[in-house]
Each structure stands twice: as structure tokens, then as C-alpha cells.
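Since every read-out is calculated from the coordinates, none of them should be taken as a lab result. Because the structure is a prediction, the values reported are computed rather than measured. Cβ coordinates were reconstructed from backbone atoms using ideal geometry, including for glycine residues, and neighbour counts include every protein chain displayed.
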Amino acid sequence: MAIGQLKKGGYSELSFGEIASELGVSRANIHHHFSNKANLAKVALTKYIEDDLAQLQALIDEYPNDFPKVLRAIDKHFEELYSEHPEEGICACCSLLLNTADVPSELKTLAKNYFERLCALFESGIRRSQEAGTISKSVRASDLAWECVMLGIAIIGLGTVVTDEFVHHPARSFFRAKAEELS
């Protein structure tokens, strides 16, 4: 629930009262486990990041020599994620970094570190594909990883702000087009 709120509107959307209501517990119970909003956000964001990176690693392991298939799988994942929860955004870290007015610096740092780790995972998948010959070695893996992550994330962030229908979400065409370009 906390991640859904972070995805929907960033840190300002996080509400102890709404979480307590959805769980059917008292607000005091939530405060007992999480002393403040920043602590709740940190715990939720850390779990979100670790789960997301594990999913990406699983995709890279599933398609170890074909990074374009990883990109197509990411596109499919976004489609499923968005169709299950259209009221939420796609990325909690984007929401935190786009709506930074009241976001504690520790959360901004967690989000930035996530993007760096994401880039490293993309780069490892790209290198494996280059070694297998499914992606040209003429492109630096680090540059391609940076492009996929940063442009992809920027488009996801923009799409989350601009549209509420995933079918029109700019990230769909970006990851699909990048997969086709690399194939």
C-alpha cells in the first residue's frame, strides 16, 4: 500500500491514515511499527527496490544472451503492472525524484542508488548479449545501459504524469522500439 501511494503521487501521497484504513488497523498500530513517514517510506522503498532489481536479474538470467528479449519482457511487465493498478504510477523512484519538495534526502539517495544499480544490471545484460553476438559490440554497453535506464525512466516518469492509460504510455513505445533497434 505504501508503494502504491508513493507511485501514485510521491512522498506527499504517503498516508498513515489511508494505510491503516486499508489494513483495518489503527493508525497508532502503523505508527508503532514505523515511527514516522520517512521511516515508512524508507522501508517500503527499500523492499520495492530489492524486489524490482531481483525481477530484472531474473529476466536477464532467463534471456542471458538476448537483451532485446529482456526489453520486451520489461514492456510486458509494465503492461501487466499498469493494468493491475492503473491508478498508481509505474515507478516509485520516479515519483520521489519528480516530486522532491518534501522528500527527505535519504529517500532521494535511495532512489538515485537504485538507478545506478539498475544501470549496472542493464550493462551486464548488454555485455552478455554482445559476447553472444545478439547486440553489436560497436556500441559501448555502459552507454546503451545508461540510455535504456535514464531515457526509459524519464519517459516512464513523464508518462506517469501526462497520461493515465498505459496503452498510450510513452514507455511502451520506447522499450519496444529499443528492443527492435537492438535486434
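Observations, loosely collected:
- What the Cβ-Cβ distance of SER105 and ALA58 gives, at R0 = 41 Å and to the nearest 0.05, is a FRET efficiency of 0.85.
- Fewest-first ranking of LEU121, LEU59, LEU71, using other Cβ atoms within 10 Å as the exposure measure: LEU121, LEU59, LEU71
- Listed by Cβ neighbour count within 10 Å, with the fewest neighbours leading, PHE122, PHE115, PHE67 appear as PHE115, PHE122, PHE67.
- Kirkwood hydrodynamic radius (C-alpha pairs) into Stokes-Einstein, region 1-153, 10 °C and 1.306 mPa s, D in µm²/s: 95
- With a Förster radius of 22 Å applied to the C-beta separation of SER12 and LYS47, the computed FRET efficiency comes to 0.60.
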